[in-house]
Amino acid sequence: MTTTILIVPPFSTLCNAAFALRREVFVWEQKVPEDEENDADDLTATHFVAIAAGEVVGTLRLLDKSEHVKIGRVAVRQAFRGQGIAKQMILAAMDHARANGRNRFYLTAQSDKLGFYERLGFVAFGPEFQDGGMPHRAMRDYDL
């Protein structure tokens, strides 16, 4: 199956489909409180979607911070997991940031997803913490 990764403007039709996917994954499936899933960062983030089988099946956002680019809200529709879609999105997002002169990346990963991000070159640091009712760890791909 072919997957297309696109950058989409906030609140465009495709971005709204991404927001609906995030709600499906984080709020309904993982029971994250909706007021924690939605935040003002969506207004300034760069949003990516993965399209397969004619629908938005994955999404993530990039936040351009002074010290690094933060990767967040990575979600893939349950029926499409295990096909490399999250990896494709993350690599495309990192390539986009690098093309704009940014090469330091940070994220907070659900603790059960650490291995996935480690395979992409991220290293966990700091203590485990709760976010959205689930244990997380901070990760980065650079040394301080």
Against the conditions (1) buried (at least 16 other Cβ atoms within 10 Å of the Cβ); (2) within 28 Å of residue 2 (Cβ to Cβ); (3) out of contact with any Leu (no Cβ under 9 Å at 6 or more places or on another chain), where does residue 98 fall short? Just the number, please. (1)
Output yes when any residue across the range 65-76 is polar (S, T, N, Q) and under 11 Å from the mean Cα position of the chain (by Cα), and no when none is. no
Assuming residue 32 fulfils every condition listed in (1) more than 18 Å from residue 22 (Cβ to Cβ); (2) assigned to a loop (DSSP other than H, G, I, E, B); (3) out of contact with any strand residue (DSSP E or B) (no Cβ under 6 Å at 6 or more places or on another chain) apart from one, which condition is it? (1)
Just for the range 1-42: of the residues that are open to solvent by 50 Å² or more (accessible area, probe 1.4 Å), under 22 Å from residue 68 (Cα atoms) and of a type in the set (A, V, I, L, M, F, W, C), which one is farthest from the chain's Cα centre (by Cα)? 40
Pick out the one residue from 70, 65, 87, 31 that is among the charged types (D, E, K, R), in contact (Cβ under 8 Å) with a residue 40 or more places away in the chain and within 23 Å of residue 141 (Cα to Cα). 65
Subset of the range 56-79 [closer than 20 Å to residue 16 by Cα, part of a strand (DSSP E or B) and among the hydrophobic types (A, V, I, L, M, F, W, C)]: 56, 57, 60, 62, 63, 71, 74, 75, 76
So which residues in the range 43-55 are touching a strand residue (DSSP E or B) at 6+ places or on another chain (Cβ under 8 Å) and either open to solvent by 10 Å² or more (accessible area, probe 1.4 Å) or part of a loop (DSSP other than H, G, I, E, B) (or both), if there are any at all? 44, 45, 46, 51
Return the residues of the range 80-94 that are part of a helix (DSSP H, G or I) and more than 14 Å from the chain's Cα centre (by Cα); say none if nothing qualifies. 80
Select from the range 101-144 the residues that are open to solvent by 50 Å² or more (accessible area, probe 1.4 Å), assigned to a strand (DSSP E or B) and farther than 22 Å from residue 26 by Cα and list them in ascending order. 123, 125, 127
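The values are calculated or read from the model by the stated rules, or taken from the named source; none is laboratory data. Keep in mind that what you see is a predicted model, and the values were worked out from it rather than measured. Positions of Cβ are backbone-derived with ideal geometry, glycine not excepted, and every protein chain shown enters the neighbour counts. SASA here: full protein model, heavy atoms, side chains in, ligands and nucleic acids out. Shrake-Rupley method; radii C 1.70, N 1.55, O 1.52, S 1.80 Å.
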